[in-house]
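No lab work stands behind these numbers, since they all come straight from the coordinates. Keep in mind the model is a prediction, meaning the values are calculated, not measured. Heads up, the Cβs are rebuilt from the backbone with ideal geometry, glycines too, and the neighbour counts pull from every protein chain shown.
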Amino acid sequence: MDIYKEIDLQDCPICHGTGVLEEENGWCIYVACVDCGSHTAELPYKNETERVQMAKQAASTWNMGKVIASSPGE
């Protein structure tokens, strides 16, 4: 299953930039904005089934607008 094609991401809730699904060395997955850097929490997984579930959860969190954003001075 190619989760990158299956998951629909809305624009960034902060800057309306493009959100992308990212993975870190095969242990976690999250969604990040390519423009402002806002992102969801990193969701860890241990196998392919959990990977798909965490990808869907990260996308859902992103689409609800629950993101971590860094602003100047933080």
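Structure summary
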read-out	value
Unit charges on C-beta of K, R, D, E only; dipole of the chain, Debye	180
Virtual spin-label span in nm between GLN10 and ALA69, 7 Å along Cα→Cβ	1.4
Trypsin sites (Lys or Arg not before Pro) restricted to the range 14-74 and DSSP loop, no more than 10 other C-beta within 10 Å	LYS46
Partnerless cysteines, meaning none of the other Cys C-beta atoms lie under 4.7 Å away, in the chain	CYS28
Inter-site label distance for GLN57 and GLU22 at 7 Å from Cα along Cβ, in nm	1.9
The chain: angle of helix 48-64 to the longest principal axis, Cα-based, in degrees nearest 10	30
Distance cut-off 16 Å, percentage of C-alpha pairs in the chain lying past it	43
Chymotrypsin sites (Phe, Trp or Tyr not before Pro) restricted to DSSP loop in the chain with at most 15 other C-beta within 10 Å	TRP27
